[in-house]
Amino acid sequence: MAGTGSTARRPRTAATNQEFIRDAVKAYILDHNLASGDPLPTEQELMSQLEVGRHPLREAMKALQAVGIIEIRHGYGTYVGTLGLKSLEDGLAFRMSQSMAGDLREVRDVLAVRQALEIGLADEVVAHFANGDLGELTGIVERMEAAAERDIPFADEDWEFHRALYQPLGNALILDLVSVFWRTFADVNARLPGDQYSREDAARWHRDLLNALESGDAPRFAAAMKDHFVGIRTRFER
């Protein structure tokens, strides 16, 4: 690996050795313009190029795999990974679970970030759907309303509505972030101390969002999204 020779011969502690290996592998991926799914050198080749032992190399590779930079396929080799937000989601989920025994601050913070993101996207969403097809969103809201009338949950439809809002924007990171915030909040929602908002209210919030989209009025859409989150916040009222 280019540029690693002199550094590899420098004495390193166990911690700095791990950092050196991780940085060297990331640099290799960037220097060779590798994409997700491309193969990396074998373990023996990496040991030779980096002048490191098998154990520290494997520990460093496990750390890179944990954040999605590489993918280890046992029996096949090591490949460039598909970066996702799994580590972020796991960290948030743990912090929110801890918060459940206290002041719920972490749960409130996650909901606040999601609210800021979704309200901040109002102009972009309304501009996209000004000339777009609202059929999918309309169908989802109608299923929500039908479920509310029968007093049955519709969490899947709730997520599908928000997914359908942002997927057409073509920004995968936005969709991934909204998904992380949605799932982590959903995981603790049942344990929150406040009264559960009614299914009729939840369906109405989404109908209001749909009506705002149909009007092409971005401030109205942003206001409807804010009302949606104000309603969700009843879950924090003790």
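The values are calculated or read from the model by the stated rules, or taken from the named source; none is laboratory data. Quantities reported herein were computed from a predicted structural model and do not represent experimental measurements. Ideal geometry is used to build each Cβ from the backbone, glycine not excepted, and the neighbour counts take in all protein chains shown. Heads up: the accessible areas ignore ligands, DNA and RNA and are worked out on the full protein's heavy atoms, side chains in. Shrake-Rupley method; radii C 1.70, N 1.55, O 1.52, S 1.80 Å.
Kindly check whether there is at least one residue in the stretch 182-191 that is among the aliphatic types (A, V, I, L, M) and either within 16 Å of residue 230 (Cβ to Cβ) or over 15 Å from the mean Cα position of the chain (by Cα) (or both).
Step one: list which residues in the stretch 182-191 are among the aliphatic types (A, V, I, L, M), which gives 186, 188, 190.
When the remaining residues are screened for being either within 16 Å of residue 230 (Cβ to Cβ) or over 15 Å from the mean Cα position of the chain (by Cα) (or both), the result is 188, 190.
Within the stretch 182-191, one or more residues are among the aliphatic types (A, V, I, L, M) and either within 16 Å of residue 230 (Cβ to Cβ) or over 15 Å from the mean Cα position of the chain (by Cα) (or both).
State all residues of the stretch 213-224 that are in a helix (DSSP H, G or I), in contact (Cβ under 8 Å) with a residue 60 or more places away in the chain and surrounded by fewer than 22 Cβ atoms within 10 Å (Cβ to Cβ); if no residue qualifies, say none. If you could, list the steps in order and put the result at the bottom.
Here is the first cut: in the stretch 213-224, the residues in a helix (DSSP H, G or I) are 213-215, 218-224.
Restricting the remaining residues to those that are in contact (Cβ under 8 Å) with a residue 60 or more places away in the chain gives 213-214, 218-219, 221-222.
Passing the criteria: 214, 218, 219, 222.
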Checklist entry - Taking the stretch 170-188 only, how many residues are within 21 Å of residue 125 (Cα to Cα), part of a helix (DSSP H, G or I), open to solvent by 60 Å² or more (accessible area, probe 1.4 Å) and not acidic (Asp, Glu)? => result 2
Next on the checklist: Looking at the structure I just gave you, is residue 101 touching a helix residue (DSSP H, G or I) at 6+ places or on another chain (Cβ under 7 Å) and either open to solvent by 60 Å² or more (accessible area, probe 1.4 Å) or modelled with pLDDT of 95 or more (or both)?
Outcome noted: no
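Give me the helices (runs of 4 or more DSSP H) completely within the stretch 2-111, filtered to those with at least 3 residues that are without any contact (Cβ under 8 Å) to a residue 24 or more places away in the chain and under 20 Å from the mean Cα position of the chain (by Cα), ordered by residue number. Walk me through it before giving the result.
On the way: elements: 5-9, 14-31, 43-50, 54-66, 86-99.
Because the criterion is at least 3 residues that are without any contact (Cβ under 8 Å) to a residue 24 or more places away in the chain and under 20 Å from the mean Cα position of the chain (by Cα), the helices (runs of 4 or more DSSP H) in the stretch 2-111 that meet it are 86-99.
Scan 119, 72 and give me the residue that is open to solvent by 30 Å² or more (accessible area, probe 1.4 Å) and farther than 29 Å from residue 199 by Cβ.
On the way: 119 fails: farther than 29 Å from residue 199 by Cβ.
The match here is 72.
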Item to check | Output for the stretch 142-173, where each listed residue is modelled with pLDDT under 95 and under 18 Å from residue 110 (Cα atoms) | outcome: 173
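Restricting attention to the stretch 112-131, which residues are assigned to a helix (DSSP H, G or I) and either without any contact (Cβ under 8 Å) to a residue 24 or more places away in the chain or in contact with a Gly (Cβ under 7 Å, 6 or more places away or on another chain) (or both)? Please lay out each step first, then the result.
Taking the stretch 112-131 and keeping what is assigned to a helix (DSSP H, G or I), we get 112-120, 122-129.
Scanning the stretch 112-131 gives 112, 116, 120, 126.
Only one residue in 200, 142, 136 is assigned to a helix (DSSP H, G or I) and free of Cβ contacts under 8 Å to residues at least 24 places away in the same chain. Which one? Please lay out each step first, then the result.
Numbers: 200 fails: free of Cβ contacts under 8 Å to residues at least 24 places away in the same chain; 136 fails: free of Cβ contacts under 8 Å to residues at least 24 places away in the same chain.
Going through 200, 142, 136 in turn, the sole match is 142.
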Item to check | residue 35 being farther than 30 Å from residue 174 by Cβ and either open to solvent by less than 70 Å² (accessible area, probe 1.4 Å) or of a type in the set (A, V, I, L, M, F, W, C) (or both) | outcome: no
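When you check residue 167 against the structure, is it open to solvent by 70 Å² or more (accessible area, probe 1.4 Å) and in a helix (DSSP H, G or I), yes or no?
Numbers: open to solvent by 70 Å² or more (accessible area, probe 1.4 Å): yes; in a helix (DSSP H, G or I): yes.
So residue 167 fits the description; yes.
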Item to check | residue 233 being open to solvent by 70 Å² or more (accessible area, probe 1.4 Å) and farther than 15 Å from residue 115 by Cβ | outcome: no
